[in-house]
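The values are calculated or read from the model by the stated rules, or taken from the named source; none is laboratory data. Just so we're clear, the structure is a prediction, and the values are computed from it rather than from any experiment. Positions of Cβ are backbone-derived with ideal geometry, glycine not excepted, and every protein chain shown enters the neighbour counts. Heads up: the accessible areas ignore ligands, DNA and RNA and are worked out on the full protein's heavy atoms, side chains in. Shrake-Rupley method; radii C 1.70, N 1.55, O 1.52, S 1.80 Å.
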Amino acid sequence: MAVTILIVEDELAIQELIALNLKKAGHMVLCAGDATHAKLLINNVLPDLVLLDWMLPDITGLEFARSLRREERTKTIPIIMLTARIQENDKIAGLEAGADDYITKPFSPRELLARIKAVLRRRLPEMSDEIIDIGGLKLDPTTHRVHVYFEYDPAKLTEIILGPTEFRLLHFLMAYKERVHTRAQLLDRVWGDHVFIEDRTVDVHIRRLRKILETVGKENLVQTVRGTGYRFSVERSEESIG
């Protein structure tokens with residue numbers, strides 16, 4: 001699945017090469033040569049992942065990683081450190097600063113793409129291309145299709161037609177099954193943190209999603225947790241429709 005990746009790298013040749021390969025892989029790319037420019041970009045568009053060089057002109061990549069982890073808006077962004085440093089202590093320092101992975105230069109585009117995919121699968125499962133199969137629902141992020149099946153005939157798949165917002169909402173909830181999300185969290189992760197709409201918009205789309213799932217008897221998978229938010233669960237809840 002295409003994601004937005006911010007490259008923070010002061011060596012222009014390396015920056016352009018990484019950007020070229022990421023674009024070929026279908027990703028959206030933002031580029032910055034220092035932490036100051038990177039911060040401005042993040043203020044405008046929250047990336048799904050940051051590729052961060054260790055040595056930057058203004059502050060070190062370690063300092064920038066720590067600053068991202070301190071702020072509420074950016075603390076969960078996956079970070080992959082890029083560096084020529086190969087000592088174990090340097091790798092430990094990068095990981096302790098908040099990096100999710102650490103790649104030493106030189107590296108191949110293939111390795112970088114594989115590391116990105118692995119980090120996203122671990123940290124942001126809703127960004128993965130992998131099919132999610134839970135509770136008789138099978139969601140394919142690549143084809144944007146959702147099918148339902150039942151235990152008595154698992155080979156028989158019936159497609160459920162969802163609008164784009166309902167698909168993203170269901171994908172996110174299924175990717176984090178059993179986890180409760182507030183309306184604000186769903187707005188940030190499904191609609192985007194720079195979209196200014198009412199929290200109750202989430203309720204409208206949850207109702208639409210449940211109405212569609214009701215046609216195949218799966219509406220109870222999307223549950224309300226009163227006073228908190230919503231979750232996707234295969235466990236029966238007394239307050240599942242609220």
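Using a Förster distance of 22 angstrom, determine the FRET efficiency expected from the C-beta separation of Gln185 and Asn43, and round it to 0.05.
Details: r = 20 Å, r/R0 = 0.91.
Calculated value: 0.65.
Quantify, in whole percent, the carbon and sulfur part of the accessible surface of the chain (1.4 Å probe; protein heavy atoms only). Provide the component values of the computation, followed by the final result.
Working: 6660 of 12880 Å².
Whole-percent figure for carbon plus sulfur exposure: 52.
Hey, if you put +1 on the Cβ of every Lys and Arg and -1 on every Asp and Glu Cβ in the chain, which of Gly94, Leu213, Phe107 ends up farthest toward the positive end of that dipole?
The Cα lying farthest towards the positive end belongs to Leu213.
What stretch of the chain, leaving out the sites themselves, is the longest with no trypsin sites (Lys or Arg not before Pro) in a DSSP loop having at most 11 other Cβ atoms within 10 Å?
Numbers: sites that count: Lys75, Arg226, Arg236.
The segment 76-225 is the longest one with no such site.
Rounded to the nearest 20 Debye, what is the dipole magnitude of the stretch 132-232 about its Cα centre when Lys and Arg each give +1 and Asp and Glu each give -1 at the C-beta? Walk me through the numbers on the way to the answer.
On the way: 16 positive and 14 negative charges, 33 e Å.
Roughly 160 debye for the stretch 132-232.
Taking square-rooted eigenvalues a ≥ b ≥ c of the alpha carbon gyration tensor, is the stretch 67-213 rounded, prolate or oblate, where a/c under 1.5 means rounded and, failing that, a/b exceeding b/c means prolate? Each step should come with its number before you reach the end.
Values: a/c = 3.00, a/b = 1.66, b/c = 1.81.
Oblate is the answer for the stretch 67-213, as a/c is 1.5 or above yet b/c matches or exceeds a/b.
Please sort by residue number the GluC sites (Glu not before Pro) in the stretch 80-189 whose DSSP state is loop and whose Cβ has at most 10 other Cβ atoms within 10 Å.
Numbers: sites: Glu88, Glu96, Glu111, Glu126, Glu130, Glu151, Glu159, Glu166, Glu178; in loops: Glu130, Glu151, Glu178.
Answer by residue number: Glu151.
Between Asp34 and Asp140, what length in nm is gained on full extension when 0.36 nm per residue of separation is reduced by their alpha carbon distance?
Working: separation 106, 0.36 × 106 = 38.16 nm, distance 3.75 nm.
Full extension of this stretch gives 34.4 nm more.
If I model a spin label at Arg122 and Leu17 as a point 7 Å from the Cα along the Cα→Cβ vector, what separation in nanometres do I get?
Each label point is offset 7 Å from its Cα along the Cβ direction, giving 2.5 nm.
Tell me the per residue accessible area of the chain using a 1.4 Å probe; a whole number in Å² is fine. Display every interim value, and only then the final one.
Values: 12880 Å² over 242 residues.
Per-residue accessible area for the chain comes out at 53 Å².
For the stretch 47-88 and the stretch 133-168, write down the distance between their C-alpha centroids in whole Å.
The stretch 47-88 and the stretch 133-168 have Cα centres separated by 37 Å.
Explain nothing, just the number: dipole magnitude of the chain about its Cα centre with +1 on each Lys and Arg Cβ and -1 on each Asp and Glu Cβ, in debye rounded to the nearest 20. Before the final figure, lay out the partial values.
Numbers: 34 positive and 37 negative charges, 97 e Å.
Charge dipole of the chain: 460 debye, to the nearest 20.
Need the list of lysines near Lys117 for cross-linking: C-alpha distance under 27 angstrom, and skip anything on the same chain fewer than eight residues off.
Output for Lys117: Lys23, Lys24, Lys39, Lys75, Lys91, Lys105, Lys138, Lys177.
Stretch Ile92-Phe107 to full length: gain in nm at 0.36 nm per residue minus the Cα-Cα span? Don't skip to the answer; put the middle values down first.
Numbers: separation 15, 0.36 × 15 = 5.40 nm, distance 1.90 nm.
Taking Ile92 through Phe107 to full extension adds about 3.5 nm, to one decimal.
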